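The values are calculated or read from the model by the stated rules, or taken from the named source; none is laboratory data. From a predicted model like this one, the values you see are computed outputs, not experimental measurements. Neighbour counts run over all protein chains shown; Cβ positions are idealised from the backbone, glycine included. These accessible areas exclude ligands, DNA and RNA; they are computed on the full protein's heavy atoms, side chains included. Shrake-Rupley method; radii C 1.70, N 1.55, O 1.52, S 1.80 Å.
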Amino acid sequence: MNVKNLILGIGIVIIYGLVLWQGIEAFYPSPEYEDYCTAGRFDTYYPTKPLPAGQSCEFPRNLQDAQNQCYADKGQPVWEYDNNGCQIALKECDYCQREYDEADKAHAKVVFIIAVIIGIITLLVGFSLLSTEPVGSALIGSGIWAIFWGSVANWRNFSNIWRFLLLLVSLVLIVWFTLRLNKPRKRK
């Protein structure tokens, strides 16, 4: 392979990766944080006004427990205040971050599935175009990149055992594919 084909092949892999990413974003966009958590969603801030000198707010155990439970549920406490600006009750537990994280997790799973399917198709197309260099090799590399990128996008959602199995299957398939590709051909 000459330098020209090497550079063209690398270019195909890079542009393929960008097309894959932008194509998924165009037709299946990532959730936007602002769609779940808007700036200024809390109508008051603590403390609501300066306390007179020497005065402090009590934070009773029941408020601490309510706050801890809200945080444990991955929420953000929204407080009700008295006339002195002290917290007197938990008005609500805002779950926008949790809702955003759930939407992002679901999106990552779909991106993984799309990228793996497209990656496998690209590998097969690359294999069929192998005689046309550098297109065949670059598409094989692009297919591997698509599978890699889809896995990285969803990596945080896999357990350790699934990560191991995904990597093991990928390794076995790549080795098998490489052996098939480099198998000496019988001449007639």
remark   = In the chain, taking the dipole from +1 charges on Lys and Arg beta carbons and -1 charges on Asp and Glu beta carbons about the Cα centre, the listed residue (Ser128, Phe27, Asn154) farthest towards the positive end is Ser128
key: Solvent-accessible heavy-atom area per residue, rounded to whole Å², over the stretch 97-188 at 1.4 Å   = 68
query = According to the square roots a ≥ b ≥ c of the eigenvalues of the Cα gyration tensor, what is the shape class of the stretch 97-149, taking rounded for a/c under 1.5, prolate for a/b larger than b/c otherwise, and oblate for the remainder?
reply = prolate
request  = List nothing, just return the count: lysine pairs in the stretch 52-188, 8 or more apart or interchain, with Cα separation under 30 Å.
outcome  = 4
ask   = Counting Lys and Arg as +1 and Asp and Glu as -1, each charge on the Cβ, what is the dipole of the chain about the Cα centre in debye, to the nearest 20?
value = 2020
key: Amide H contacts of Trp79 (H built 1.01 Å from N, under 5 Å, at least 5 apart or other chain)   = Lys91
note = Along the stretch 54-69, Karplus-curve 3J(HN,Hα) (6.51, -1.76, 1.60; θ = phi - 60°) to the nearest Hz, with x for Gly and Pro, reads x, 9, 9, 8, 7, 10, x, 4, 5, 6, 4, 5, 5, 5, 4, 5
request  = Quote the convex hull volume per residue of the chain, based on C-alpha atoms, as a whole number of Å³.
outcome  = 176
Positive-pole candidate from Gly11, Leu173, Gln64, dipole of the chain, charges at beta carbon = Leu173
query = Got a sec to turn the phi values of the stretch 83-98 into Karplus ³J(HN,Hα) couplings, 6.51 cos²θ - 1.76 cosθ + 1.60 with θ = phi - 60°, whole Hz, x for Gly and Pro?
reply = 5, 8, x, 9, 5, 10, 7, 7, 6, 6, 10, 7, 9, 4, 5, 5
key: Only Lys, Arg (+1) and Asp, Glu (-1) charged, at Cβ; the stretch 88-188 dipole about Cα centre in debye   = 1020
key: Whole-number accessible area per residue in Å² for the stretch 1-41, which is evaluated in the context of all protein chains at 1.4 Å   = 74
